[in-house]
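Written out below as C-alpha cells is the structure these notes cover.
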Amino acid sequence: MFSEEDVCYECNCTVVDGRDCLEVATWVYLGYFKMNCNSTDCDVPNHFYRFVKFDDFHRWKQNQDTELPCVNLTSMAQVRQRFVDRQAMVDSVLDWHNYLTDNSTAE
C-alpha cells in the first residue's frame with residue numbers, strides 16, 4: 001500500500017464548538033520494522049508497520065538525535081482502517097463538502 005517515506009492521511013470526523021468538522025492529519029510511513037514483542041495480531045511475527053506524524057518526521061530529519069514518536073500497527077488490515085493515500089483523502093474531503101452542502105440546504 002505504501003512505500004517507505006510515503007505521505008498518507010488519517011481522516012476523522014470531530015466536533016469543534018458544537019459543529020461537525022473533518023480533521024485530516026498527515027503522516028509518513030517509515031516502513032516495516034522488527035521488534036521484540038509477543039503480539040499475535042502481527043502479519044509476520046514481531047513485525048510492525050511504523051508511521052509518524054508529518055511534522056515530527058521533518059523535525060527528526062533535521063535533527064536526528066531527537067526521539068521520534070511513532071505509531072506501530074500490527075497488520076495491514078489495521079493500516080487500511082486508519083490511513084489512506086492522497087486520492088482517498090481528496091475523496092473524503094469532497095464527500096464531506098457534499099455532506100455539508102446537502103445538510104445546509106435541508107435546513
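Remark: the chain carries a charge dipole of roughly 380 debye about the Cα centre, counting +1 on each Lys and Arg Cβ and -1 on each Asp and Glu Cβ.
Charge tally around residue 49: other residues with Cβ under 13 Å, Lys/Arg +1 each, Asp/Glu -1 each, net 0. Under 5 Å between amide hydrogens, built in the peptide plane, is the criterion, and for residue 30 it picks out 5, 50, 51, 52 among residues at least 5 positions away or on other chains. Protection proxy ranking for 81-90, 64-73, 11-20, using the average of other Cβ atoms within 10 Å per residue and placing the highest first: 81-90, 64-73, 11-20. Note that segment 94-99 has calculated 3J(HN,Hα) couplings of 5, 4, 5, 4, 4, 4 Hz, one per residue in order, obtained from phi through the Karplus relation 6.51 cos²θ - 1.76 cosθ + 1.60 (θ = phi - 60°); glycine and proline are x. Residue 13 sits among other residues whose Cβ lies under 9 Å from its own Cβ, and their net charge, with Lys and Arg +1 and Asp and Glu -1, is -2. Rounded to the nearest 10 square angstrom, residue 41 shows an accessible area of 100 square angstrom against a 1.4 Å probe.
In the chain, helical runs assigned H by DSSP with n ≥ 4 each contribute -39500 (n - 2.57); averaged across all residues and rounded to the nearest 500, the mean residue ellipticity at 222 nm is -11000 deg cm²/dmol. Going through [x] 1.02; [y] 1.91; [z] 1.30, the figure that equals Cα Rg over 2.2 N^0.38 Å as computed for the structure here is [z].
Please report the net charge: other residues with Cβ closer than 14 Å to the Cβ of residue 31, K and R +1, D and E -1. The partial results should precede the final answer.
Values: positive: 34, 50; negative: 4, 5, 6, 43.
So the surrounding residues net to -2.
The values are calculated or read from the model by the stated rules, or taken from the named source; none is laboratory data. The structure displayed is predicted, hence computed values, not measured ones. Every residue, glycine as well, gets a Cβ built from its backbone with ideal geometry; the counts of neighbours run over all protein chains shown. The area values use the complete protein model at the heavy-atom level, side chains included, leaving out ligands, DNA and RNA. Shrake-Rupley method; radii C 1.70, N 1.55, O 1.52, S 1.80 Å.
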